[in-house]
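Values in this text are rule-based calculations from the coordinates and carry no lab data. All values reported here derive from a predicted model rather than from experimental measurement. Here the Cβ is made from the backbone with ideal geometry for all residues, glycine too, and neighbour counts use every protein chain on show.
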Amino acid sequence: DPRGTYTCETDGKESSPLQVHYRMCQNCIEVDAPTISGIVVADVVATIFLAVAVYCITGQDKGRMSRGEGRALLAARRWGR
């Protein structure tokens with residue numbers, strides 16, 4: 001336990017005391033290089049999966065017209081435009 005009061009002595013002279021308060025981490029997790037690389041790879045894979053899913057979902061709606069487009073075409077035909 002490194003907590004306590006420390007003084008430094010040089011040539012028989014003591015310096016002013018230094019109070020050390022050390023707090024141990026109770027819930028700390030050691031993160032090393034393989035853990036960080038695993039997190040980064042998982043994030044990249046999840047991002048690619050999400051991008052492909054969004055691309056596939058939006059690609060299915062290409063053949064559909066919006067409600068406003070269909071009405072505009074009918075109105076143009078009705079009035080001879």
Positions within region 1-20 being assigned to a loop (DSSP other than H, G, I, E, B) and surrounded by 10 or more Cβ atoms within 10 Å (Cβ to Cβ), in sequence order: Arg3, Cys8, Ser15, Pro17
field: Residue ID - farthest from Arg3 (Cα to Cα), chosen from residues in region 21-39 that are aliphatic (A, V, I, L, M) and surrounded by 10 or more Cβ atoms within 10 Å (Cβ to Cβ)
entry: Ile39
